[in-house]
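> Dropping a structure here in structure tokens format, bear with me for questions.
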Amino acid sequence: MGTTTASRRAVLKGAAGAVLLGFHIPAGDALGQAPAQVPEINAWVVIHPDDRVVLRMARSEMGQGTRTGLAQMIAEELHCDWSKITTEYVTPGQSLARNRAWGNFLTAGSQGIRQSQDYVRRGGAAARIMLVQAAAGRWGVPAAECSARNGVVTHGPTGRTLRYGEVAAEAARLSPPAEVPLKEPGAWTVIGQSVPRLDTADKTTGKLIYGMDLRMPGMLVAVPRRCPVFGGRVRSFDANAVRGMPGVRHVLQVGESCVAVVADTFWQAKTALDALPVAWDAGDNGRVQQSTIEAMLDEGLNATEAFVGNSVGDARAAIAGAARRVEAVYAYPFQNHAPMEPMNATVVWTPTHCDVWCPTQNGEAALVAAAQAAGLPQTACDIHRVDLGGGFGRRTTHDWLIDAVLIARQVPGVPVKTMWTREEDMVQGRYHPVTKCKLTAGLDANGEITGLHMRISGQSILSFVFPTALQNGRDPVQFQGLNAGGTEGAIGYGFPNLLIDHAMRNTHVPPHFWRGVNHNQNAIYLECFLDEVAHATGQDPLALRRKLMANHPKHLAVLNAVAERIGWGSAPPAGVHRGIAQQMGFGSYVAAAAEVSVSERGELKIHRIVAATDCGVAVNPRQIEMQVEGSFVYGLSALLHGECTVKDGAIEQTNFDSYNVLRMEEMPKVETIVMPSGGFWGGVGEPTIMVAAPAVLNAIFAATGKRIRSVPLKRHDLRRA
Amino acid sequence: MAKLNVNGRVVEVDASPDTPLLWALREHVGLTGTKYGCGIAACGACSVHLDGQVVRSCAMPLSAIAEDQKIVTIEGLSPDGSHPVQVAWRELDVPQCGFCQSGMIMAAAALLAATPRPTDAQIDEAMTNICRCGTYNRVRAGIHRAAGAGAAG
């Protein structure tokens with residue numbers, strides 16, 4: 001394990017066992033050399049002579065439980081002793097040197113488990129086969145006569161046993177098996193169990209080291225400030241005004257748009273930065289106001305040209321010829337991810353190497369970003385991950401890391417920890433995209449929907465983040481939950497005529513993936529509008545949905561489950577009103593039913609939410625419950641409070657005082673129904689956030705007769721109409 | 001040079017008097033279990049005990065703290081993680097990312113010391129810390145569990 005006395009030289013050379021106080025870097029990382037004496041069975045499994053099992057992780061842990069879930073995957077096939085398991089992160093540099101042995105590092109889109117379950121299980125199975133083979137070889141018996149259980153290989157005919165630790169070194173020298181069969185789900189004993197998380201203990205004692213907590217000998221701390229207007233630049237700054245302040249070592253310009261103070265401590269750097277005179281050149285974006293953006297979105301609602309996401313029949317004609325029409329316009333604002341841990345990265349840059357220690361949701365993308373900023377090949381750089389103090393999508397992109405490297409590059413050979421203030425985190429976010437939506441339904445004389453047109457107007461995430469992924473200009477991610485099919489968001493209704501299209505209207509405020517992504521507003525738009533149609537035609541909202549869902553049995557099953565649990569159709573408690581919603585996304589089918597009351601003064605109380613999830617395979621039911629509860633906190637924060645606005649080109653909300661989030665007193669009871677139907681792997685980190693807001697909004701309508709069509713609720717008077 | 005009594009130990013801190021207690025603890029004393037979340041006493045990630053009361057250390061300058069005031073951080077709540085709140089947290093798997101949990105645990109421990117059997121309303125009033133992952137319901141359950149285990153004792 002690490003010592004606390006590593007010399008600067010050892011750190012600078014990135015020598016094996018590079019040391020941070022209280023933080024151990026796996027041996028052999030920075031030089032890309034084969035770790036010495038590590039009994040590695042394969043890329044995923046290391047077994048020490050004393051039977052300790054180290055499972056390697058490519059995906060990042062940010063609270064969603066992926067470490068424990070992936071360990072369950074490997075352990076299911078490895079047949080090891082669960083109590084002997086620890087995990088370690090591999091670095092993207094190690095993976096690069098081994099032809100991407102660990103596959104994708106991306107930890108987003110609720111895909112950590114579902115996109116790697118197959119190959120990590122095979123990793124566990126292959127290791128078990130090799131351990132059994134090694135034991136059989138020791139005994140000189142056929143491997144087929146041996147079996148493995150709980151970290152022990154047993155020779156059936158003689159009853160002889162060998163522990164994994166005793167044969168690990170021999171197993172490591174064997175060739176990997178050609179055939180690696182996996183267990184049938186019916187034989188699983190670890191997958192499907194609510195095993196406790198592997199990483200809870202250190203989170204209760206303050207021992208877990210986050211990026212913000214990293215320390216190195218001789219380390220300096222940098223606090224940066226970017227131009228508050230996106231796209232703006234530094235015009236000038238007066239370094240001499242703060243150079244003499246306590247602890248200040250450097251006052252730097254970082255790229256074209258950022259300044260930073262580097263000092264002995266965070267507080268010294270921040271104090272000096274606050275005193276630093278900076279003149280910004282905001283450029284044209286400095287004239288953009290919230291009203292400018294709103295007007296642009298409004299224009300898109302009626303624009304002639306739009307990208308088509310889903311089309312059935314001729315919705316325009318059906319609506320034009322309809323006996324009756326229902327129309328409504330909805331809106332969804334910019335929102336900040338606001339993870340509890342502000343952005344940070346610790347960097348050591350030299351002319352030949354660059355090592356970064358940071359919390360990231362995508363180690364490989366971090367390596368690409370760091371190498372580019374460092375002016376070095378990727379093989380001369382590496383990313384050493386720590387657990388994230390929240391991610392929610394913010395840490396899939398690396399603007400903060402690039403600046404941290406550019407700062408360290410100006411202080412060669414010295415470890416520099418770059419830390420954002422909360423204020424910087426708030427105004428330099430990557431925001432939930434802003435959109436509006438106009439929905440028009442054509443109804444026949446009996447009130448049946450003959451055609452539906454959903455016109456979305458607003459920001460495209462891909463056009464900012466991955467423009468090469470656009471399809472002839474069209475952003476396919478825009479239509480999450482509204483697609484004709486697919487795993488990432490298939491619509492659950494059959495309409496005789498349907499048109500869902502998107503008028504792309506981008507602003508200078510950078511959008512990004514944000515827990516739930518475009519599902520969040522798409523589910524509000526469609527699920528609340530269907531409630532409007534039900535009300536306008538005198539139908540029960542559940543009955544209307546059921547009628548439209550005949551060909552979508554999985555969507556319907558979760559909806560029925562929450563309806564039954566909440567007692568839909570029976571009278572709620574006095575003063576309490578119900579709403580319901582469903583959506584499919586991230587591979588999973590989810591629904592929610594909410595019970596709310598609204599006082600005469602317009603105060604909302606969310607009493608209870610019932611949520612159902614069909615994620616195909618439920619790896620760890622308790623973890624799923626935790627993710628469902630968490631998704632409602634995040635989703636209800638967004639609904640009740642979440643809004644960022646633009647003034648003179650800059651985001652106006654600067655901290656939790658102006659960007660409030662859900663607190664304990666607002667948190668409803670959440671009852672989770674986990675109902676895996678088998679045969680597919682769905683995500684769990686995000687899906688239920690999709691139905692949080694629409695279920696509550698529909699319940700608010702039931703309570704007040706008021707249809708709230710824009711977020712957040714804090715802007716609305718909920719007193720009964 | 002300020003003198004602080006932290007977790008039963010007197011430490012000298014070479015920091016300016018305007019330095020918030022949070023940063024003295026993290027950067028001078030070397031106790032990083034107490035977290036920075038907002039710097040304006042709005043989120044509670046920096047919660048520590050000062051003479052038994054929970055305070056938000058990010059907005060409390062060293063100049064406001066007397067030498068004889070006893071500061072307890074998450075690292076000093078118990079010698080081995082055995083405080084009933086910590087035990088309950090592990091039993092219920094309360095933390096998700098865990099970043100806010102030092103503050104949550106310190107706030108919960110202070111609540112239980114003053115109110116051994118808190119009602120839900122008392123928990124709502126005392127626990128104003130922010131958690132973005134969404135552990136609130138498990139925090140509440142953890143407090144009730146710790147109360148049942150005699151956290152105040």
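> Could you tell me whether the range A:566-573 includes any residue that is under 28 Å from the mean Cα position of the chain (by Cα), assigned by TED's automatic domain parsing to the domain that holds A:ALA693 and open to solvent by less than 10 Å² (accessible area, probe 1.4 Å)?
The initial filter retains those residues of the range A:566-573 that are under 28 Å from the mean Cα position of the chain (by Cα), namely none.
Within the range A:566-573, none of the residues are under 28 Å from the mean Cα position of the chain (by Cα), assigned by TED's automatic domain parsing to the domain that holds A:ALA693 and open to solvent by less than 10 Å² (accessible area, probe 1.4 Å).
> Any chance you could count how many residues in the range A:479-532 are under 26 Å from A:GLN289 (Cβ atoms) and among the polar types (S, T, N, Q)?
Number satisfying all stated conditions: 5.
> Could I ask something else about it? For the range B:14-23, which residues satisfy the criterion of being part of a loop (DSSP other than H, G, I, E, B) and at the interface with chain A (Cβ under 7 Å from one of its Cβ atoms)?
Listed by number, the residues that qualify are B:SER16, B:THR19.
> Right, something else. Suppose the filter is over 24 Å from A:GLN539 (Cα atoms), touching a Gly at 6+ places or on another chain (Cβ under 6 Å) and away from chain B (no Cβ under 14 Å); does A:SER597 pass it? Write out each step before concluding.
Values: over 24 Å from A:GLN539 (Cα atoms): no; touching a Gly at 6+ places or on another chain (Cβ under 6 Å): yes; away from chain B (no Cβ under 14 Å): yes.
Here the answer is no, as A:SER597 does not meet what is asked.
> Cβ-Cβ under 6 Å, sequence separation 6+ or interchain: first residue in the range B:119-132 and facing chain A (nearest Cβ under 7 Å), partner acidic (Asp, Glu). Which pairs?
Listed by first residue and then by second, the contacts come to B:ASP124/A:GLU665.
> State whether one or more residues within the range B:109-116 are facing chain A (nearest Cβ under 8 Å), touching a residue at least 40 places away in the same chain (Cβ under 8 Å) and surrounded by 20 or more Cβ atoms within 10 Å (Cβ to Cβ).
If we filter the range B:109-116 for residues that are facing chain A (nearest Cβ under 8 Å), which is where we start, we get none.
Checked against the condition, which is being facing chain A (nearest Cβ under 8 Å), touching a residue at least 40 places away in the same chain (Cβ under 8 Å) and surrounded by 20 or more Cβ atoms within 10 Å (Cβ to Cβ), the range B:109-116 yields no hits at all.
> Restricting attention to the range A:640-657, and to residues there that are within 10 Å of another protein chain (Cβ to nearest Cβ) and among the polar types (S, T, N, Q), which single residue is farthest from A:PRO228 (Cα to Cα)?
From the range A:640-657, those within 10 Å of another protein chain (Cβ to nearest Cβ) are A:654-657; that's our starting set.
Those left that are additionally among the polar types (S, T, N, Q): A:654-655.
Working: A:THR654: 11, A:ASN655: 14 Å.
In this case the residue turns out to be A:ASN655.
> For the range A:582-590, check the following and say yes or no: at least one residue is within 23 Å of A:GLU527 (Cα to Cα), more than 14 Å from chain B (Cβ to nearest Cβ), surrounded by fewer than 21 Cβ atoms within 10 Å (Cβ to Cβ) and touching a helix residue (DSSP H, G or I) at 6+ places or on another chain (Cβ under 9 Å).
No, the range A:582-590 has no match at all.
> Yes or no: the range A:273-295 includes at least one residue that is within 14 Å of chain B (Cβ to nearest Cβ) and surrounded by 22 or more Cβ atoms within 10 Å (Cβ to Cβ).
yes
Let's see how each residue does on (1) assigned to a strand (DSSP E or B); (2) more than 26 Å from B:CYS97 (Cβ to Cβ):
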| position | (1), (2) |
| --- | --- |
| A:GLU76 | no, no |
| A:THR86 | yes, no |
| A:ASN99 | no, yes |
| A:TRP102 | no, no |
| A:PHE105 | no, no |
| A:GLY109 | no, no |
| A:ASP118 | no, yes |
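> Let me ask something additional. I'd like to verify a number: residues in the range A:77-128 that are surrounded by 20 or more Cβ atoms within 10 Å (Cβ to Cβ) and basic (Lys, Arg), how many?
Counting residues in the range A:77-128 that are surrounded by 20 or more Cβ atoms within 10 Å (Cβ to Cβ) and basic (Lys, Arg) gives 4.
> What about B:ILE74, is it open to solvent by less than 60 Å² (accessible area, probe 1.4 Å), of a type in the set (A, V, I, L, M, F, W, C), within 24 Å of A:GLY65 (Cα to Cα) and at the interface with chain A (Cβ under 10 Å from one of its Cβ atoms)?
It is true that B:ILE74 is open to solvent by less than 60 Å² (accessible area, probe 1.4 Å), of a type in the set (A, V, I, L, M, F, W, C), within 24 Å of A:GLY65 (Cα to Cα) and at the interface with chain A (Cβ under 10 Å from one of its Cβ atoms).
> State all residues of the range A:162-211 that are touching a residue at least 60 places away in the same chain (Cβ under 8 Å) and among the acidic types (Asp, Glu); if no residue qualifies, say none.
A:GLU166, A:ASP199
> Identify, please: which residue in the range B:24-48 is under 16 Å from B:ILE65 (Cα atoms) and surrounded by fewer than 24 Cβ atoms within 10 Å (Cβ to Cβ) and is, among those, nearest to the other protein chains (Cβ to nearest Cβ)?
Of everything passing the filter in the range B:24-48, B:HIS28 is nearest to the other protein chains (Cβ to nearest Cβ).
> Go through B:ARG90, B:ARG145 for me and flag whichever is more than 7 Å from chain A (Cβ to nearest Cβ) and among the basic types (Lys, Arg).
B:ARG145
> Within the bounds of the range A:613-626, is there any residue that is on the phi > 0 side of the Ramachandran plot and in contact (Cβ under 8 Å) with a residue 40 or more places away in the chain? Let's see the steps before the verdict.
If we filter the range A:613-626 for residues that are on the phi > 0 side of the Ramachandran plot, which is where we start, we get A:616.
Right, trim to in contact (Cβ under 8 Å) with a residue 40 or more places away in the chain and you get A:616.
Yes, the conditions are met somewhere in the range A:613-626.
> Checking A:GLY682 against (1) of a type outside the set (A, V, I, L, M); (2) in a loop (DSSP other than H, G, I, E, B); (3) surrounded by 20 or more Cβ atoms within 10 Å (Cβ to Cβ); (4) within 13 Å of another protein chain (Cβ to nearest Cβ), which single condition isn't satisfied?
Exception for A:GLY682: condition (4).
> Is there a residue in the range B:130-138 that is at pLDDT 95 or above, basic (Lys, Arg), under 30 Å from A:GLN361 (Cα atoms) and open to solvent by 40 Å² or more (accessible area, probe 1.4 Å)?
There is no residue in the range B:130-138 that is at pLDDT 95 or above, basic (Lys, Arg), under 30 Å from A:GLN361 (Cα atoms) and open to solvent by 40 Å² or more (accessible area, probe 1.4 Å).
> Determine, yes or no, whether A:SER637 is among the hydroxyl-bearing types (Ser, Thr, Tyr) and away from chain B (no Cβ under 14 Å).
When the stated conditions are applied, A:SER637 does not pass them.
The values are calculated or read from the model by the stated rules, or taken from the named source; none is laboratory data. Here the structure is a predicted model, which means the values were calculated and not measured. All Cβ positions, glycine included, derive from the backbone under ideal geometry; neighbour counts span all protein chains shown. When the accessible area is computed, the model is the full protein with side chains, heavy atoms only, and any ligands, DNA or RNA have been set aside. Shrake-Rupley method; radii C 1.70, N 1.55, O 1.52, S 1.80 Å.
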